[in-house]
Amino acid sequence: MTDSNNHQPTTRICGCDADTITLRGKDLVDEVIGSYSLTGAFLLQALGSEPTAKQCELLDAVMVTIMEHGLMPSVIATRLTLAGAPESLQGAVAAGLLGVGDRYGGTAGKCGELGERLVGAKEMGQEAAAIVAEHRARREPLPGFGHPIHSGRDPRVDKLLAMLPENSTALHAMKALELALSEVLGKPLVMNVSAALAALMMEAQVPANIMRGVVLIARTAGLVGHALEEMQQPAGDALWHAAQAAVPYSE
């Protein structure tokens, strides 16, 4: 932010001097360490307000859900980078994070943007129908629906949605999209985990424009775990040779 008197940029997140570190007005040593989980500290740091137990519960569930999904391209990138540069753990994790995009990292942020639009609409059902029509006119898939692996009901969705109160506007927003899309298609197309994660993050008051950041935090933890396994039980060479065998040279 900028001070209105002298236009000097300032931050309200954190400051320090020789003896203290202050995070959002709290002494890091005396008031934060040992009193906050990582999730709670993140909510405090990012949003600037005291997180509730429910916010922490929802965000914990989000990050546990999206932390791991097998040998996806981002994981392979981390393992191959570590195989080539075993001294660079940070480089290997960064390589994996660079591949966390819409296809393999989920579209929770885009779902969150649509959810915020729906919550702010005068009539949620009409707005949901308009959103579906807009995507179909552009020949774009509606984010948060369908899955390349889980062709039926994504097994994670019901567990996540059960954590939301029945009167949750975020839940109603995602269900409105599900209903509008199914009506246009003439058959059910249920939401995938990205829509469910967006609903939980909306309920936790996480803005849509940083939802991808929450996914990255979770995926960082997952990639570090894969990096440790790569150090202990290397698979990078096997992945490399498998790629060579799968994609032969051809003139």
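A short reminder: the numbers here are calculations on the coordinates, not readings from a lab. All figures in this text were calculated on a predicted structure; none of them were measured in a lab. Here the Cβ positions follow ideal geometry from the backbone for every residue, glycine too, while neighbour counts run over all protein chains shown.
What the table shows:
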| item | result |
| --- | --- |
| For the range 157-251, diffusion coefficient by Stokes-Einstein and Kirkwood Rh (Cα), 4 °C, 1.567 mPa s, µm²/s | 77 µm²/s |
| Estimated inter-spin distance, Gln205 and Lys159, nm [label 7 Å along Cα→Cβ] | 2.8 nm |
| Rounded FRET efficiency, nearest 0.05, which uses the C-beta distance separating Asp102 from Ala53 and R0 of 30 Å | 0.40 |
| Relative exposure of Arg24, Arg79, judged by other C-beta atoms within 10 Å (fewest first) | Arg24, Arg79 |
| Chain lengthening between Ala242 and Glu140 when straightened (0.36 nm per residue, less Cα-Cα) | 33.4 nm |
| Extension gain (nm, one decimal) between Tyr249 and Asn167, 0.36 nm per residue minus Cα-Cα | 23.8 nm |
| Pairwise label distance in nanometres, Glu183 with Gln45, each label 7 Å out on the Cα-Cβ vector | 4.4 nm |
| Stretchable slack from Ala121 to Thr11, in nm (0.36 nm times residue separation minus alpha-carbon distance) | 36.3 nm |
| Percent of C-alpha pairs per 5 Å bin, the range 107-209, short to long | 2, 14, 25, 28, 20, 8, 2, 0 |
